[in-house]
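J.: Mind having a look at this structure? Questions to follow.
The values are calculated or read from the model by the stated rules, or taken from the named source; none is laboratory data. What you see is a predicted model; the values in this text were computed from it and never measured. Cβ coordinates were reconstructed from backbone atoms using ideal geometry, including for glycine residues, and neighbour counts include every protein chain displayed.
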Amino acid sequence: MMRSPLLSELFSLRDTLDTLASQSSQRGSNDAAVAMPMPIDVFATDDHAVLIAAVPGMRPDDVDLTIQNDTISVSGTVRSVADTEDAKHATWYVSELGSGVFRRSIALPFALDADRAQATFEYGILRFDVPKAETAKPKKIAISASNPQGLTAGSSNSHEPAQAAKEAELQAVH
């Protein structure tokens with residue numbers, strides 16, 4: 001099956017527009033590169049929440065981590081390779097590494113205990129472990145019987161016949 005030249009031109013135009021749109025979405029208003037979205041994972045157990053973020057090429061000093069109520073925020077700056085001394089007078093052929101300022105905020109459905117939070121940074125991976133606030137942790141509630149005289153399931157108001165049946169059983173045994 002042969003493709004018409006017009007159809008081939010349309011596909012070529014579409015590919016060119018996709019490339020331009022992709023490149024322009026990575027540029028800010030002053031043509032400065034904007035960092036790509038930072039990939040993160042967030043999970044929680046009964047006791048704590050964990051945020052893991054990939055921040056390649058960054059140092060711990062480049063990252064700010066904050067907690068406000070139930071929201072964890074990570075922000076920082078990814079430095080551009082183009083700003084290094086080696087690259088200033090270079091001829092660039094491909095420039096895909098993100099750079100610029102980034103910020104991610106994740107609101108969790110429970111309160112956090114910021115005073116006991118811990119963060120580690122290794123090989124471009126930030127791990128943030130923050131305990132849930134005591135009020136957010138599940139609590140086991142003890143259940144006590146309100147009428148120890150022998151209410152049975154399904155008998156809400158008629159506990160006297162059940163009591164009479166028990167007494168009859170006791171008399172029959174003795």
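J.: Within segment 50-63, which residues are surrounded by fewer than 16 Cβ atoms within 10 Å (Cβ to Cβ) and either in contact with a helix residue (DSSP H, G or I) (Cβ under 6 Å, 6 or more places away or on another chain) or under 18 Å from Asp115 (Cβ atoms) (or both)? Quick ask: steps written out before the conclusion?
T.: At the first step, the residues of segment 50-63 found to be surrounded by fewer than 16 Cβ atoms within 10 Å (Cβ to Cβ) are 50, 52, 54, 56-57, 59-62.
The answer is Val50, and nothing else.
J.: Still on this structure, please answer the following. Only residues that are farther than 15 Å from Val50 by Cα, surrounded by 14 or more Cβ atoms within 10 Å (Cβ to Cβ) and among the hydrophobic types (A, V, I, L, M, F, W, C): list them for segment 83-114, please.
T.: Leu97, Phe102
J.: Is at least one residue of segment 115-129 closer than 28 Å to Ala49 by Cα, at pLDDT below 90, of a type in the set (D, E, K, R) and surrounded by 10 or more Cβ atoms within 10 Å (Cβ to Cβ)?
T.: Checked against the condition, which is being closer than 28 Å to Ala49 by Cα, at pLDDT below 90, of a type in the set (D, E, K, R) and surrounded by 10 or more Cβ atoms within 10 Å (Cβ to Cβ), segment 115-129 yields no hits at all.
J.: Restricting attention to segment 146-169, does a residue exist that is modelled with pLDDT of 75 or more and either surrounded by 12 or more Cβ atoms within 10 Å (Cβ to Cβ) or in contact with a Ser or Thr (Cβ under 6 Å, 6 or more places away or on another chain) (or both)?
T.: No, that holds for no residue.
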